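Here the structure comes first, spelled out in structure tokens, and everything after it is commentary.
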Amino acid sequence: MFYLFFLAHLVADFALQPLWLVRRKRGWDGLFIHVGIVLLCMLALIPLEPAARGLWPTMLAISGVHLVADRWKVRYAARLFRPPFVPFLLDQAIHAATIAVALGLALPADQVWSLHASPLALPSVYAACYLLATFAAPIGLIVALDPTFQHASLAAAARVRSLVAAALVLSLSIFAGPLALPATLAGVVAVTRHPASRHPLDSTAGMLAVITVAAALGAALALMR
């Protein structure tokens, strides 16, 4: 069950959290919009997974902790931690730990962690890896490399390029077998020799980081097959 809930978290926290909402979370209205999306993504599991039907109190609890954690990050984390990438990682660790603890209190351990507990568990792992590679890693890199959003006007196009690169490398790592390494290396050479823009995601370091994360996730998934 953890894998389904973690996938719902990734969808809400990355795929469905645009920059305008990140900025609006400085106020309570933005926070409630975001946490409402978090709750809706978990509730969307109910028609897909029968075992999730009785977990709506757990979903409410996870959403409540998410609200508190995000409020703390917005109000205090920037004052306590430097660079901004540190509170970003801490925030994600809190969310993942909250899901694990809440589900652990509601379900037996095998139902929380076993890939055989639900037919959707393994597909959720694959989907989560794609979201980590194409959304979470690039957003984390933006926080690390462009914390003041100086290149915000270039971010949309850079994120599309990083999404395509990550999805291709991840898919090659999972499905291409012996072709994965040479194809990935050729892509690395191409993108690092001719950066598409001045955005940090398009820099050599940024694109290498995106490709490395995608390749590592792909290798891990390939070992699970």
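The values are calculated or read from the model by the stated rules, or taken from the named source; none is laboratory data. Remember, predicted model here, so these are calculated numbers, not experimental data. FYI the Cβ positions are ideal-geometry reconstructions off the backbone, even for glycines, and counts take in every protein chain you see.
Against the definition (surrounded by fewer than 20 Cβ atoms within 10 Å (Cβ to Cβ), outside the structural domain of S63 (by TED's automatic domain parsing) and either hydroxyl-bearing (S, T, Y) or closer than 30 Å to A196 by Cα (or both)), how does V143 come out, yes or no? Before you say what the answer is, go through the steps one by one.
Numbers: surrounded by fewer than 20 Cβ atoms within 10 Å (Cβ to Cβ): yes; outside the structural domain of S63 (by TED's automatic domain parsing): yes; either hydroxyl-bearing (S, T, Y) or closer than 30 Å to A196 by Cα (or both): yes.
For V143, the condition - surrounded by fewer than 20 Cβ atoms within 10 Å (Cβ to Cβ), outside the structural domain of S63 (by TED's automatic domain parsing) and either hydroxyl-bearing (S, T, Y) or closer than 30 Å to A196 by Cα (or both) - is met.
Residues of the stretch 137-190 being at pLDDT below 90, closer than 21 Å to F85 by Cα and not hydroxyl-bearing (S, T, Y), which ones?
The answer is V143, A144, L145, D146, P147, F149, Q150, H151, A152, L154, A155, A156.
Can you give me the number of residues within the stretch 95-111 that are under 14 Å from the mean Cα position of the chain (by Cα) and surrounded by fewer than 18 Cβ atoms within 10 Å (Cβ to Cβ)?
The number of residues fulfilling the criteria is 1.
Counting only residues that are part of a loop (DSSP other than H, G, I, E, B), loosely packed, with under 14 Cβ neighbours inside 10 Å and free of Cβ contacts under 8 Å to residues at least 24 places away in the same chain, how many does the stretch 1-32 have? Spell out how you get there, then give the answer.
Within the stretch 1-32, the subset part of a loop (DSSP other than H, G, I, E, B) is 1, 16-18, 25-27.
Adding the requirement that they be loosely packed, with under 14 Cβ neighbours inside 10 Å leaves 18, 26-27.
Subsequent filtering for residues that are free of Cβ contacts under 8 Å to residues at least 24 places away in the same chain retains 18, 27.
So the count comes out to 2.
List every residue pair whose Cβ atoms sit under 6 Å apart, with the two residues 6 or more apart in sequence or on different chains, where the first one lies in the stretch 85-108 and is in the same structural domain as T58 (by TED's automatic domain parsing) and the second, anywhere, is of a type in the set (D, E, K, R) and surrounded by 15 or more Cβ atoms within 10 Å (Cβ to Cβ).
Hits for this filter: P87/K73; D91/K73.
I'm told A106 meets every condition in (1) within 30 Å of L221 (Cα to Cα); (2) out of contact with any Ser or Thr (no Cβ under 6 Å at 6 or more places or on another chain) except one. Can you identify the failing condition by its number?
Checking A106 against (1) within 30 Å of L221 (Cα to Cα); (2) out of contact with any Ser or Thr (no Cβ under 6 Å at 6 or more places or on another chain), the one that fails is (2).
Take G54 and decide whether it is surrounded by fewer than 20 Cβ atoms within 10 Å (Cβ to Cβ), assigned to a helix (DSSP H, G or I), at pLDDT below 95 and in contact with a helix residue (DSSP H, G or I) (Cβ under 9 Å, 6 or more places away or on another chain). It would help to see each step written out before you state the result.
Values: surrounded by fewer than 20 Cβ atoms within 10 Å (Cβ to Cβ): yes; assigned to a helix (DSSP H, G or I): yes; at pLDDT below 95: yes; in contact with a helix residue (DSSP H, G or I) (Cβ under 9 Å, 6 or more places away or on another chain): yes.
So G54 fits the description; yes.
Do you know which of the residues in the stretch 33-47 that are touching a helix residue (DSSP H, G or I) at 6+ places or on another chain (Cβ under 8 Å) and not in a helix (DSSP H, G or I) is nearest to L4 (Cα to Cα)?
Among those residues, the one meeting the criterion is L45.
Looking for whichever is over 19 Å from F14 (Cα atoms), of a type in the set (S, T, N, Q) and surrounded by 16 or more Cβ atoms within 10 Å (Cβ to Cβ) here; the options are S124, S118, S114. Which one fits?
Working: S124 fails: over 19 Å from F14 (Cα atoms); S114 fails: surrounded by 16 or more Cβ atoms within 10 Å (Cβ to Cβ).
None of the others qualify; the one that does is S118.
Which is out of contact with any helix residue (DSSP H, G or I) (no Cβ under 7 Å at 6 or more places or on another chain), under 17 Å from I62 (Cβ atoms), assigned to a helix (DSSP H, G or I) and at pLDDT 95 or above, of A102, A97?
Values: A102 fails: out of contact with any helix residue (DSSP H, G or I) (no Cβ under 7 Å at 6 or more places or on another chain).
One residue alone meets the criteria, A97.
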